[in-house]
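*Asks:* Can you keep this structure in mind? I'll have questions shortly.
The values are calculated or read from the model by the stated rules, or taken from the named source; none is laboratory data. For clarity, every value in this text was computed on a predicted model and none was experimentally measured. Cβ placement follows ideal geometry from the backbone for every residue including glycine, while neighbour counts extend to all protein chains displayed.
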Amino acid sequence: MIEQITSWLNGSSAGALALIFCGLFLAITLIGIFLVHPFMRDWLHAEQKVNDVVIFVGANYGLIYAVLLGLLAVATFDNTRALKENMAQEAMSLSTIYNSAGGYPEPLRSDLRAQLRDYTHYVIDKDWPAHRLAKTPNGGEHRLQAMRQDLFAFEPKGETQGILHGEILREFNSMYDAREQRLASVTSSMPSVLWYVVIFGAILTSMFIWMLHMDLIPQILLGGVTALFLGVMTYLIYAMDHPLQGAVSLEPEPYQSVYDLVMKWDEPS
């Protein structure tokens with residue numbers, strides 16, 4: 001059930017995703033105001049109004065819940081930033097290996113550059129659409145294995161060629177590590193229990209709005225603003241928690257830039 005909901009959310013556009021979260025919390029708040037609030041008003045405010053108590057308890061709870069949302073937003077932002085750094089590192093290593101391959105003799109020079117171009121095409125055209133569906137295809141791994149075999153089979157001649165070969169192997173390992181971290185980010189996300197806490201906390205926030213004894217119109221306005229804020233924050237956390245999936249996912253811009261600036265001109269016509 002949770003996987004189906006996640007798949008549906010990831011298939012929505014950025015605007016639709018924001019409307020889904022905002023609309024969900026707004027519906028919960030308004031339903032509670034019209035259906036639950038009358039019973040709470042008779043129960044809590046039957047003998048004396050307890051708005052001061054509700055506001056005091058709600059303020060203390062709201063502070064704790066706001067800290068939780070803030071920490072989750074920072075954590076998911078850090079994950080997204082780390083992923084962008086990994087992507088930049090992988091793309092930079094691709095560029096470095098491609099340029100350094102010019103020091104190899106033929107046919108290794110042309111073969112390695114052709115493999116790098118093919119790998120870059122695969123990342124852009126195959127990996128990224130699969131990442132949006134929370135999948136990690138094996139084609140990239142197979143291409144890297146072929147490159148690794150060619151590099152390990154090469155025997156450098158002379159000190160200069162040996163230094164060049166060692167640097168290329170180092171960059172290759174760096175690229176491979178960055179790729180592994182990228183693939184790990186495809187399915188990584190916050191634990192489900194944290195999402196339960198976020199959703200339950202948002203509903204509890206709406207309940208404090210239901211408990212207030214006030215005129216209907218101000219209560220609707222106050223509840224609506226609170227619900228929209230909760231929806232926007234939840235949307236933000238969800239979007240950054242799935243940086244490679246859905247309509248708000250990261251684009252393969254570093255790889256496309258490397259191809260356009262470094263590799264494109266060597267592509268066979």
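*Asks:* Tell me, which helices (runs of 4 or more DSSP H) lie completely within region 159-247 with 1 or more residues that are over 30 Å from MET147 (Cβ atoms) and of a type in the set (Ser, Thr, Tyr)?
*Replies:* 192-211, 216-241
*Asks:* Here is a follow-up. Among the numbered criteria (1) small (Gly, Ala, Ser); (2) closer than 30 Å to TYR235 by Cβ; (3) out of contact with any helix residue (DSSP H, G or I) (no Cβ under 9 Å at 6 or more places or on another chain), which single criterion is violated by ALA134?
*Replies:* Checking ALA134 against (1) small (Gly, Ala, Ser); (2) closer than 30 Å to TYR235 by Cβ; (3) out of contact with any helix residue (DSSP H, G or I) (no Cβ under 9 Å at 6 or more places or on another chain), the one that fails is (3).
*Asks:* Residues ARG109, ARG143, ARG81, ARG117: which one is in a helix (DSSP H, G or I), on the phi < 0 side of the Ramachandran plot, more than 27 Å from the chain's Cα centre (by Cα) and among the basic types (Lys, Arg)?
*Replies:* Only one candidate qualifies: ARG109.
*Asks:* Among ALA101, ALA88, ALA130, ALA134, which is the only one that is among the aliphatic types (A, V, I, L, M), assigned to a helix (DSSP H, G or I) and over 19 Å from ASN173 (Cβ atoms)?
*Replies:* None of the others qualify; the one that does is ALA130.
*Asks:* Right, next: Go through (1) over 22 Å from the mean Cα position of the chain (by Cα); (2) surrounded by 18 or more Cβ atoms within 10 Å (Cβ to Cβ) one by one and return the number of the condition THR76 breaks.
*Replies:* Unmet for THR76, out of (1) over 22 Å from the mean Cα position of the chain (by Cα); (2) surrounded by 18 or more Cβ atoms within 10 Å (Cβ to Cβ): (1).
*Asks:* Applying the selection to region 234-253, what residues are of a type in the set (A, V, I, L, M) and buried (at least 18 other Cβ atoms within 10 Å of the Cβ)?
*Replies:* Within region 234-253, LEU236, ILE237, ALA239, MET240, LEU244, VAL248 meet the criteria.
*Asks:* For a quick check of your reading of the model, give me the residue pairs whose first member lies in region 172-185 and is touching a residue at least 12 places away in the same chain (Cβ under 8 Å) and polar (S, T, N, Q), whose second is crowded, with 18+ Cβ neighbours inside 10 Å and assigned to a helix (DSSP H, G or I), with beta-carbon atoms closer than 7 Å and at least 6 apart or on different chains.
*Replies:* Once the first residue is touching a residue at least 12 places away in the same chain (Cβ under 8 Å) and polar (S, T, N, Q) and sits in region 172-185, its partners that are crowded, with 18+ Cβ neighbours inside 10 Å and assigned to a helix (DSSP H, G or I) give SER174/GLN89; SER174/SER93; GLN181/ASN86; SER185/LEU83.
*Asks:* Still on this model: Regarding region 32-41, can at least one residue be identified that is without any contact (Cβ under 8 Å) to a residue 60 or more places away in the chain and of a type in the set (D, E, K, R)?
*Replies:* The answer is no; no qualifying residue exists.
*Asks:* On to the next question. Starting from residues that are surrounded by fewer than 19 Cβ atoms within 10 Å (Cβ to Cβ) and touching a residue at least 40 places away in the same chain (Cβ under 8 Å), keep the ones in region 97-116 and report whichever is nearest to TRP265 (Cα to Cα).
*Replies:* That would be ASN99.
*Asks:* Considering only residues that are in a helix (DSSP H, G or I), surrounded by 12 or more Cβ atoms within 10 Å (Cβ to Cβ) and modelled with pLDDT of 75 or more, which ones fall in region 35-52?
*Replies:* Listed by number, the residues that qualify are VAL36, HIS37, MET40, ASN51.
*Asks:* Let me ask something additional. Restricting to region 127-140, and then to whatever is within 19 Å of TYR259 (Cα to Cα) and of a type outside the set (Gly, Ala, Ser), can you tell me which residue is surrounded by the most Cβ atoms within 10 Å (Cβ to Cβ)?
*Replies:* In this case the residue turns out to be ASP127.
*Asks:* Also, quick follow-up: Among the residues of region 149-198, which ones are exposed (fewer than 12 other Cβ atoms within 10 Å of the Cβ) and among the hydroxyl-bearing types (Ser, Thr, Tyr)?
*Replies:* THR160, SER192, TYR196 - these are the residues of region 149-198 that are exposed (fewer than 12 other Cβ atoms within 10 Å of the Cβ) and among the hydroxyl-bearing types (Ser, Thr, Tyr).
Okay, residues lined up against (1) closer than 22 Å to LEU212 by Cα; (2) charged (D, E, K, R):
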| position | (1), (2) |
| --- | --- |
| SER12 | no, no |
| ALA18 | no, no |
| LEU26 | yes, no |
| HIS37 | yes, no |
| TRP43 | yes, no |
| ASP52 | yes, yes |
| VAL57 | yes, no |
| LEU63 | yes, no |
| SER93 | no, no |
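*Asks:* Still on this structure, please answer the following. Consider ILE124 carefully, then state whether it is within 21 Å of THR160 (Cβ to Cβ), among the hydrophobic types (A, V, I, L, M, F, W, C) and surrounded by 15 or more Cβ atoms within 10 Å (Cβ to Cβ).
*Replies:* Taking the combined requirement at face value, the residue does not satisfy it.
*Asks:* Another one. When only residues in region 153-176 that are among the aromatic types (Phe, Trp, Tyr) and within 17 Å of ALA114 (Cα to Cα) count, which is modelled with the highest pLDDT?
*Replies:* PHE172
*Asks:* Same structure again: Show the residue pairs that are 6+ apart or on different chains and have beta-carbon atoms under 7 Å apart, the first residue being within region 208-229 and more than 20 Å from LEU63 (Cβ to Cβ), the second being outside any helix (DSSP H, G or I).
*Replies:* HIS213/HIS45; HIS213/LYS49; GLN219/LEU212
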